[in-house]
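Please treat every number below as a calculation from the coordinates, not as lab data. Bear in mind that the values here come from a model prediction, so they are computed numbers and not experimental data. Cβ placement follows ideal geometry from the backbone for every residue including glycine, while neighbour counts extend to all protein chains displayed.
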Amino acid sequence: MMDPLIITSAVIGAELTKDIYPNLPTTTDELAQSSIEAVKAGASIIHLHVRDKEGRPSQDPAIFKEITDKIKEQCNPIIQYSTGGAAGTHVEERISPLNLSPEMATLSMGTLNFGDTIFENQEYTITKISNALIQNNVMPELEIFDLGMMDTVNRFLKKELIPEKFHMDFVLGIPGGLMGTHKNLLTLVERVPEGQSWGVAGIGRFQLPLTAMSISMGGHVRVGLEDNIYYTKGILATSNAQFIERVVRIAKELDREVANPDLAREILKL
Ligand code: KMH
Ligand code: ZN
């Protein structure tokens, strides 16, 4: 039997600007509010990036803490800090919020062209972030952007450089990474190490078809403005919650239960 569905809300990311999406939540209040709405709609994980007062991407632990506290005043999702930050962020900055010991954080498993930029994750960087996760007792979500990154996961596992238990997220459709086709997702899923959970984050137009595929295959799902701003072709989404509500409806139609945060913790063995 399939585990209940864990839905992650990728609230904002590091790349999106108000020029492209005018209602982008950027202040601590707005990011907390958008996260709370996503949780009320059915998300059990918040994938969190934060912005400074000017709206620029930041890895400042104080901002992560402020938003975490505001969310926790009203609901209790798993909060997953981004260690990816924005392309070009120094690794020391990327790991700095891990001192707050969030329940989860990301660990990107390789370098790729990321649109016009390079998202650099040398072996040194992966090891450094993984060590910080282990030291702070944080469960990683391995971000897989391309097929070869699965081989890197296996190499790191063999050398015991990443924690034994993790969650895998296939982020498909980044220009520079693996496309979000059904066949690509299937190939990745076939290679998930025994005992590990997985989900998919389809970028842009890949979000909806991969969501439906993952729900019917027993995987989990990430949606949100970080990955896609269009609810349907040419029509901007009104909020993060709107994406979550659609995932919940699809899950119901496919007879898949949706996990609340505590059930998600059990499924992930947090
Ligand atoms: N902003 C991307 C360059 C993560 O959150 O860990 C990297 C990213 C991955 O978003
Ligand atoms: Zn991210």
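Charges were assigned to the Cβ only: +1 to each Lys and Arg, -1 to each Asp and Glu. The resulting dipole of region 83-138 about its Cα centre is roughly 100 debye. If you take the beta carbon distance between residue 76 and residue 135 as r and set R0 to 25 Å, what does 1/(1 + (r/R0)^6) give as a FRET efficiency, to the nearest 0.05? The pair residue 76/residue 135 has a calculated efficiency of 0.55. Anisotropy class assigned to the chain is rounded, per the alpha carbon gyration tensor with a/c under the 1.5 cut-off. Summary value for region 35-181: 19 percent relative contact order, contacts being C-alpha pairs under 8 angstrom separated by 6+ residues. Taken along the Cα-to-beta-carbon direction at a fixed 7 Å, the label points for residue 231 and residue 116 span 3.0 nm. Looking at this model, which pairs from 158/269; 18/70; 128/158; 158/183 are more than 25 angstrom apart at the alpha-carbon? With Cα atoms farther than 25 Å apart: 158/183. With neighbours defined as other Cβ atoms within 10 Å of a residue's Cβ, the residues 1, 149 order from fewest to most as 1, 149. By the beta-carbon count within 10 Å of each Cβ, the least crowded to most crowded order of 133, 178, 254, fewest first, is 254, 178, 133. Long-range amide H contacts for residue 199: which residues qualify at under 5 Å (H placed 1.01 Å from N, peptide plane, sequence gap of 5 or more or a different chain)? Excluding prolines and chain starts, which carry no amide H, the hits are 168, 169, 170, 220. Note that region 199-254, at 10 °C in a medium of 1.306 mPa s, gets a Stokes-Einstein diffusion coefficient of 143 µm²/s from its Kirkwood radius over C-alpha pairs.
Between the amide H of residue 48 and those of 80, 81, 82, distances stay under 5 Å, these residues lying 5 or more places away or on another chain, with hydrogens modeled in the peptide plane. Remark: the chain carries a charge dipole of roughly 360 debye about the Cα centre, counting +1 on each Lys and Arg Cβ and -1 on each Asp and Glu Cβ. As a proxy for reagent exposure, ranking 164, 37, 123 by other Cβ atoms within 10 Å from fewest up yields 164, 123, 37. Taking amide H positions as modeled 1.01 Å from N, with prolines and chain starts lacking one, the residues under 5 Å from residue 228 and 5 or more places away or on another chain are 204.
Spin-label model, residue 151/residue 23: points 7 Å from Cα along the beta carbon direction are separated by 4.5 nm.
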